[in-house]
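Enquirer: One structure coming up, written as structure tokens, with questions to follow.
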Amino acid sequence: HYFCFFGNPIRAEGTLNFSFFVFFCLFCFHLLKEEIQWKKVFDFSFIIASLVSLAGVMQYFKIFSGFLVSFNEAAPSTTGNSTFLAIYLLLLFFISFSYGLKEQSNKKWFYFISCFIFTAGIFVSGARAVYVGLLIGLIYFVLLYPKKARLLKMGGAGIMLLGIIFVTYLNLYPN
């Protein structure tokens, strides 16, 4: 584990981080009432997460290696741990994706570009469990999306079926 900004999360050294999180949740719950206010908070979160994700990508590809600490395998970015980075980006990915699907203006491109940046950050983190979470979440979106996207649903089901057949084949015939 690498040190995050306010201390190592092991052995309660990250208590300041956790207390900021609790105060932020209480602040949001009591002060933000309208959907427009929540959307502004999420938009700001998407901007910050995009910067965090870009920092992880730069660490992974050794861009500005004299300024940023480079990592060969899994880039932790500013979170202190690559798994924390991946989980953080995964949670925001689906919120941004749903906003992108709902939005009618040009702002939907901001949400979809954020999703792309989050995906890049997730892949450079090297957290395989989050890869599975992203795949399952995308399957959930494709198959259970409420609009009449019959072709998209059939394509998603076909890709899932091909994936199951491929994994079964690899397990039955490993050579």
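Enquirer: Looking at the range 138-157, can you tell me whether even one residue there is open to solvent by 100 Å² or more (accessible area, probe 1.4 Å), of a type in the set (A, V, I, L, M, F, W, C), assigned to a helix (DSSP H, G or I) and modelled with pLDDT of 80 or more?
Expert: Scanning the range 138-157, I find no residue that is open to solvent by 100 Å² or more (accessible area, probe 1.4 Å), of a type in the set (A, V, I, L, M, F, W, C), assigned to a helix (DSSP H, G or I) and modelled with pLDDT of 80 or more, so the answer is no.
Enquirer: If residue 97 satisfies all but one of (1) aromatic (Phe, Trp, Tyr); (2) open to solvent by 70 Å² or more (accessible area, probe 1.4 Å); (3) under 28 Å from residue 56 (Cβ atoms), what's the number of the condition it fails?
Expert: Unmet for residue 97, out of (1) aromatic (Phe, Trp, Tyr); (2) open to solvent by 70 Å² or more (accessible area, probe 1.4 Å); (3) under 28 Å from residue 56 (Cβ atoms): (2).
Enquirer: Then there is this: Please go through the range 38-63 and give me each residue that is modelled with pLDDT under 85 and surrounded by fewer than 12 Cβ atoms within 10 Å (Cβ to Cβ), ordered by number.
Expert: Of everything in the range 38-63, nothing turns out to be modelled with pLDDT under 85 and surrounded by fewer than 12 Cβ atoms within 10 Å (Cβ to Cβ).
Enquirer: Which one is modelled with the lowest pLDDT among residues in the range 27-37 that are exposed (fewer than 10 other Cβ atoms within 10 Å of the Cβ) and among the aliphatic types (A, V, I, L, M)?
Expert: 36
Enquirer: Look through 77, 96, 114 and report the one residue that is in a loop (DSSP other than H, G, I, E, B), closer than 28 Å to residue 39 by Cα and either in contact with a strand residue (DSSP E or B) (Cβ under 6 Å, 6 or more places away or on another chain) or among the polar types (S, T, N, Q) (or both).
Expert: Result: 77 is the single residue among 77, 96, 114 that is in a loop (DSSP other than H, G, I, E, B), closer than 28 Å to residue 39 by Cα and either in contact with a strand residue (DSSP E or B) (Cβ under 6 Å, 6 or more places away or on another chain) or among the polar types (S, T, N, Q) (or both).
Enquirer: What residue, among those in the range 100-113 that are under 24 Å from residue 159 (Cβ atoms) and open to solvent by less than 60 Å² (accessible area, probe 1.4 Å), is nearest to the chain's Cα centre (by Cα)?
Expert: My answer is 111.
The values are calculated or read from the model by the stated rules, or taken from the named source; none is laboratory data. All values reported here derive from a predicted model rather than from experimental measurement. Positions of Cβ are backbone-derived with ideal geometry, glycine not excepted, and every protein chain shown enters the neighbour counts. In case anyone asks, the SASA skips ligands and DNA or RNA and just uses the protein heavy atoms, side chains included. Shrake-Rupley method; radii C 1.70, N 1.55, O 1.52, S 1.80 Å.
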